[in-house]
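Asks: I have a structure I would like to understand better, so I am pasting it below and will then ask my questions one at a time.
The values are calculated or read from the model by the stated rules, or taken from the named source; none is laboratory data. Keep in mind the model is a prediction, meaning the values are calculated, not measured. Methodologically, a virtual Cβ is constructed for each residue, glycine included, from the backbone with ideal geometry; neighbour enumeration extends over all protein chains shown. We work out accessible area using only protein heavy atoms, side chains counted, and drop any ligands, DNA or RNA first. Shrake-Rupley method; radii C 1.70, N 1.55, O 1.52, S 1.80 Å.
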Amino acid sequence: MKLSAKKIYSIVFITAAVISFLAIKSEHYLSEDLTVYEKIESGSSFNYLIIGDSIGRGAGAENKDLRWYSQLEVLLKDFSGSRARRNMLVQSGATSFEGIYKLQKSPKFRDIDLILIFFGENDRKYMDPEQFTFFYEKLIRDAKERYPGSEIITIIESPLKQEQFADAIKRVSTHYGAKTLDMRIPFKQSGMLTEHLTTDMVHPNGKGYQLYATTILELIKNNIEIDAEIASLPKPLTRDQSIYLYEKKLVTARKGFMRENGINISKRPGDYLEYDFEGPILGVKAIRSLDGGTLKVYIDGKYVRTLSTWWPFTRERYLYIASGLDKGRHTVRFEAAEKPSPNNTSEKSVIQISSIIIAKDKKN
């Protein structure tokens, strides 16, 4: 049987298409089995996730191209041709507690190969090293459970002066096989003054972020050379790692706070909200804004801390309050303070609270 030229062309075209499809599928499945280091070495694309605070976000850089991750992506492209596809869970002023909750609430990103974690500088303002160790491990553990094939790089931020917090990052990272970079070292070794590497003695400028990018690239190159294994998921280092965080919206007592669109709002000193809760951990979901005021927090009748809800931009935030409480029942009271936030230059002092954030055992 003699085939026409048209039929022969159709057969050839279909055969080529099938071969091409199978090659793409084969490459896709092979890519899924590679570590981030193998992908970078081969020049393949990979997906990475940043979980962190303002330094993780690149705050302080003179423009977007000078943020650490923008510079790192260029360096990776120049090194091997590898394209790094970025995903971010970042918030200026955030703690590891907020990082955990943002990770828990976020949609699952696709095929994350590498996670970089930036916390510590804010945490030391609100919690002690033991509390930080617990939340930092919880964040690493949750990230690794969600993205089992991912490598984890933990960053000791350049402005961190509290050695116990740096030691906690190293200890937890070592336990999980995560790779730690102490950015205080390259900053010191650069021979440059802090004011020349930062915008405000805390947040790096473009030159400072260049040190972040080049140091991360050198770590990646070294791990490629030694064929490093990626982070693992061993037994927990600290207790109670099986918990997850969730919101409780039911208010048990109030004075002055008015509820609007699911948010409890106060504009007068002395107004208060009370919630009953169980468990050892407490946070609050609040709106921070230019008109944000301050509120005093009492747990079981005892003063715990004063929180500011001022922020230069309106943002929903998940603020850490306390941990290590008894596992039984507690009452928390949020009371609008008379003294406004020192950063608030408006004539308003507004408190906006959506709910409290508490812990529950995953097994229950």
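Asks: Return the total of residues in region 244-264 being in contact with a strand residue (DSSP E or B) (Cβ under 6 Å, 6 or more places away or on another chain), closer than 19 Å to GLU316 by Cβ and either free of Cβ contacts under 8 Å to residues at least 60 places away in the same chain or open to solvent by less than 30 Å² (accessible area, probe 1.4 Å) (or both).
Replies: 5
Asks: Select from region 148-185 the residues that are over 22 Å from LEU217 (Cα atoms) and part of a loop (DSSP other than H, G, I, E, B) and write down the one among them that is nearest to the chain's Cα centre (by Cα).
Replies: Going through the qualifying residues, I end up with PRO148.
Asks: Quick one: how many residues across region 335-364 are surrounded by fewer than 15 Cβ atoms within 10 Å (Cβ to Cβ) and hydroxyl-bearing (Ser, Thr, Tyr)?
Replies: Within region 335-364, residues that are surrounded by fewer than 15 Cβ atoms within 10 Å (Cβ to Cβ) and hydroxyl-bearing (Ser, Thr, Tyr) number 2.
Asks: Separate question: Which condition number does THR215 fail, the rest of (1) out of contact with any Ser or Thr (no Cβ under 7 Å at 6 or more places or on another chain); (2) over 16 Å from LEU116 (Cα atoms) being met?
Replies: Failing condition for THR215: (2).
Asks: Tally the residues that are more than 17 Å from THR95 (Cβ to Cβ), in contact (Cβ under 8 Å) with a residue 40 or more places away in the chain, open to solvent by 10 Å² or more (accessible area, probe 1.4 Å) and not in a strand (DSSP E or B), restricting the search to region 280-304.
Replies: Number of matching residues: 2.
Asks: Scan region 111-125 and tell me whether some residue there is of a type in the set (Lys, Arg), assigned to a helix (DSSP H, G or I), more than 9 Å from the chain's Cα centre (by Cα) and modelled with pLDDT of 95 or more. Walk me through it before giving the result.
Replies: Applying the first criterion (of a type in the set (Lys, Arg)) to region 111-125 yields 124-125.
Next cut, assigned to a helix (DSSP H, G or I) only: 124-125.
Adding the requirement that they be more than 9 Å from the chain's Cα centre (by Cα) leaves 124-125.
Subset that is modelled with pLDDT of 95 or more: 124-125.
Checked against the condition, which is being of a type in the set (Lys, Arg), assigned to a helix (DSSP H, G or I), more than 9 Å from the chain's Cα centre (by Cα) and modelled with pLDDT of 95 or more, region 111-125 yields at least one hit.
Asks: Quick check on my filter: what residues within region 104-122 are in contact with a helix residue (DSSP H, G or I) (Cβ under 6 Å, 6 or more places away or on another chain) and either closer than 15 Å to GLU151 by Cα or touching a residue at least 60 places away in the same chain (Cβ under 8 Å) (or both)? Talk me through it step by step, then tell me what you get.
Replies: Looking only at region 104-122, we keep the residues that are in contact with a helix residue (DSSP H, G or I) (Cβ under 6 Å, 6 or more places away or on another chain), and these are 113-115, 118-120.
Result: ASP113, LEU114, ILE115, PHE118, PHE119.
Asks: Taking only region 306-334 into account, find how many residues are open to solvent by 50 Å² or more (accessible area, probe 1.4 Å) and outside any loop (DSSP other than H, G, I, E, B). Don't jump to the end; show me each part of the working.
Replies: Looking only at region 306-334, we keep the residues that are open to solvent by 50 Å² or more (accessible area, probe 1.4 Å), and these are 306, 312-316, 324, 326-327, 329, 333.
When the remaining residues are screened for being outside any loop (DSSP other than H, G, I, E, B), the result is 306, 315-316, 329, 333.
Final tally of qualifying residues: 5.
Asks: Only one of these conditions is not met by GLN241: (1) under 24 Å from ILE50 (Cβ atoms); (2) open to solvent by less than 70 Å² (accessible area, probe 1.4 Å); (3) touching a strand residue (DSSP E or B) at 6+ places or on another chain (Cβ under 9 Å). Which number is it?
Replies: Going through the list (1) under 24 Å from ILE50 (Cβ atoms); (2) open to solvent by less than 70 Å² (accessible area, probe 1.4 Å); (3) touching a strand residue (DSSP E or B) at 6+ places or on another chain (Cβ under 9 Å), GLN241 breaks only (3).
Asks: State all residues of region 60-84 that are open to solvent by 40 Å² or more (accessible area, probe 1.4 Å) and either in contact (Cβ under 8 Å) with a residue 40 or more places away in the chain or among the β-branched types (Val, Ile, Thr) (or both); if no residue qualifies, say none.
Replies: Residues satisfying the conditions are GLU62, ASN63, LEU66, ARG67, VAL74, LEU75, PHE79.
Asks: Continuing with the same structure: Can you pull out every residue in region 43-59 that is touching a residue at least 40 places away in the same chain (Cβ under 8 Å) and not in a helix (DSSP H, G or I)? So that I can check it myself, show each step before the final result.
Replies: At the first step, the residues of region 43-59 found to be touching a residue at least 40 places away in the same chain (Cβ under 8 Å) are 45-56, 58-59.
If the condition is that a residue be touching a residue at least 40 places away in the same chain (Cβ under 8 Å) and not in a helix (DSSP H, G or I), then SER45, PHE46, ASN47, TYR48, LEU49, ILE50, ILE51, GLY52, ASP53, GLY58, ALA59 are the ones that fit.
Asks: Is there any pair linking a residue in region 224-235 that is surrounded by 12 or more Cβ atoms within 10 Å (Cβ to Cβ) to one that is part of a loop (DSSP other than H, G, I, E, B), with Cβ under 6 Å and at least six apart or on different chains, and which?
Replies: Pairs that qualify, where the first residue is surrounded by 12 or more Cβ atoms within 10 Å (Cβ to Cβ) and the partner is part of a loop (DSSP other than H, G, I, E, B), are ILE230/THR35; ALA231/GLY177; ALA231/ALA178; SER232/GLY177.
Asks: What number of residues in region 313-360 are within 21 Å of LYS125 (Cβ to Cβ) and of a type in the set (Lys, Arg)?
Replies: Total meeting the criteria: 3.
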